[in-house]
Amino acid sequence: MILVLKQKATQSEIEGLKKNLQARGLGIHESKGENTTIIGLVGDTSHMSEESLLANPVISKVMRVNEPYKMANRKFHPEDTIISCEGQKIGGNNFAIMAGPCSVESEEQIISIAEDVKKSGATFLRGGAFKPRTSPYAFQGLGCEGIELLKAAKKITGLPIVTELMSITQLEFFEDVDIIQIGARNMQNFTLLKELGSCGKPILLKRGLANTVKELLMSAEYIMAGGNENIILCERGIRSFDNFTRNVLDLSAIPYLKKVSHLPVIVDPSHATGLAWMVPTMSKAAVACGADGIIVEVHNNPQEALCDGEQSITPAEFDKLMNQVRKYLEFEGKII
Ligand code: PEP
Ligand code: MN
């Protein structure tokens, strides 16, 4: 349920109303816009009548929210959420460029790629240290050493780092990580999501391989309900019957998510297509569809990459992609 407050409501009246609602066992989510304050109620509001709420002189409008996601709902928070991270912004007019290898492989590899993508205009460095691999015999990532190498690359380039957390037992190594990625395979690991509610860092939440957009929003809701509202949603392609691409990039999910939620939405054209040559086209499509950023796999030697080489573009290709994407961003009125 959403309460739109009257413009003339004073701060003490608003505080009084909030106390009264909290005393009824409801969670409060306050959103202050330029002209109006909105109070979103989280919890069981079925027993509350619109009429009795409207009797309160501070309340101008009462709306029921039918969707199961409340805090992630744009009705609760009409303005775009803008996430600030290490001097970078994601959301609103701010477009994030996350680039780097699928996996951190060595100091030389990560530093060389970080320097290259920074020069071309990336604003975040991505790189997996703990890797979710289909085969237990495949390279599993460098683990803690990988995180240390990402930190070294950050020190040299200044790029904030994004890396995947697979288990809450790894959280102790993520103190200096700037954005925690929750991968597609963990999107519905509810125990993990609950734990992230009390972690102060932004979370990049990837859509599961076979999950609906509503399920993605409900997973964001899990983290938000725990107190962490800094969520970046990521469309990374879903499974379908046709395998000419690795997954199917659900472009229509972008405008839909932007309509129903205030959270920033980024696109991963690398995992979505699995094909390096298609990454620039789909990056441009992401911008045209209203995305708030892209996360792209870049490798200095894709043929020798320990993971996802076939979908990784080279630093030179990334540079070319950036020049194209800049033009699209200008058209959309977005800034990097
Ligand atoms: C990745 O970003 O390298 C990754 C494993 O992504 P996803 O969870 O989308 O498969
Ligand atoms: Mn990958």
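The values are calculated or read from the model by the stated rules, or taken from the named source; none is laboratory data. As the structure is a prediction and not an experimental result, all values here were calculated from the model. Don't worry about glycine lacking a Cβ; one is built from the backbone with ideal geometry, like all the others, and counts go over all protein chains shown.
So the values come out like this:
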read-out	value
Evaluation of LEU204 against (1) under 20 Å from ALA272 (Cα atoms); (2) part of a helix (DSSP H, G or I) (one fails), failing number	(2)
Top-ranked residue in region 175-188 [being in a loop (DSSP other than H, G, I, E, B) and surrounded by fewer than 19 Cβ atoms within 10 Å (Cβ to Cβ); ranked as farthest from ligand 2 (Cβ to nearest atom)]	GLU175
Within region 207-286, helices (runs of 4 or more DSSP H) holding 3 or more residues that are within 30 Å of ALA316 (Cβ to Cβ)	269-273
Candidates ASP80, ASP44 - the one that is among the acidic types (Asp, Glu) and at pLDDT 95 or above	ASP80
Residue match in region 285-308 (condition: of a type in the set (D, E, K, R), touching a strand residue (DSSP E or B) at 6+ places or on another chain (Cβ under 6 Å), away from ligand 1 (no atom under 15 Å from the Cβ) and assigned by TED's automatic domain parsing to the domain that holds LYS118)	yes
Some residue of region 75-88 being over 23 Å from ILE180 (Cβ atoms) and either polar (S, T, N, Q) or in a helix (DSSP H, G or I) (or both)	no
Subset of region 287-305 [assigned to a loop (DSSP other than H, G, I, E, B), within 13 Å of ligand 2 (Cβ to nearest atom) and crowded, with 21+ Cβ neighbours inside 10 Å]	HIS299
Every residue from region 96-133 that is away from ligand 2 (no atom under 15 Å from the Cβ) and part of a strand (DSSP E or B)	ALA96, ILE97, PHE124
Test set (1) more than 16 Å from ligand 1 (Cβ to nearest atom); (2) among the β-branched types (Val, Ile, Thr); (3) over 12 Å from THR157 (Cβ atoms); (4) crowded, with 17+ Cβ neighbours inside 10 Å - ILE82 fails condition number	(4)
Selected residue [closer than 25 Å to LYS75 by Cα and either surrounded by fewer than 19 Cβ atoms within 10 Å (Cβ to Cβ) or without any contact (Cβ under 8 Å) to a residue 40 or more places away in the chain (or both)] from LEU204, LEU209, LEU216, LEU233	LEU233
Residues of region 189-201 that turn out to be surrounded by fewer than 22 Cβ atoms within 10 Å (Cβ to Cβ) and within 16 Å of ligand 1 (Cβ to nearest atom), as a count	2
Only one of GLU330, GLU317 that is in contact with a helix residue (DSSP H, G or I) (Cβ under 8 Å, 6 or more places away or on another chain), in a helix (DSSP H, G or I) and over 28 Å from TYR137 (Cα atoms)	GLU317
Residue tally, condition without any contact (Cβ under 8 Å) to a residue 24 or more places away in the chain and part of a loop (DSSP other than H, G, I, E, B), over region 40-74	7
Selection from region 220-259 of residues that are within 18 Å of GLY183 (Cα to Cα), of a type outside the set (A, V, I, L, M) and in contact with a Lys or Arg (Cβ under 9 Å, 6 or more places away or on another chain)	GLU221, TYR222, ASN228, ASN230, CYS234, GLU235, ARG236, GLY237, ASN247, ASP250
Within region 134-164, tally of residues that are within 16 Å of ligand 2 (Cβ to nearest atom) and farther than 14 Å from VAL104 by Cβ	3
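Condition check ((1) at pLDDT 95 or above; (2) away from ligand 1 (no atom under 16 Å from the Cβ); (3) surrounded by fewer than 16 Cβ atoms within 10 Å (Cβ to Cβ)) across all residues:
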position: GLY27; (1), (2), (3): no, yes, yes
position: ASN35; (1), (2), (3): no, yes, yes
position: LEU54; (1), (2), (3): no, yes, yes
position: PRO57; (1), (2), (3): no, yes, yes
position: GLU86; (1), (2), (3): yes, yes, yes
position: ASN93; (1), (2), (3): yes, yes, yes
position: SER103; (1), (2), (3): yes, no, no
position: ASP116; (1), (2), (3): yes, yes, no
position: ALA122; (1), (2), (3): yes, no, no
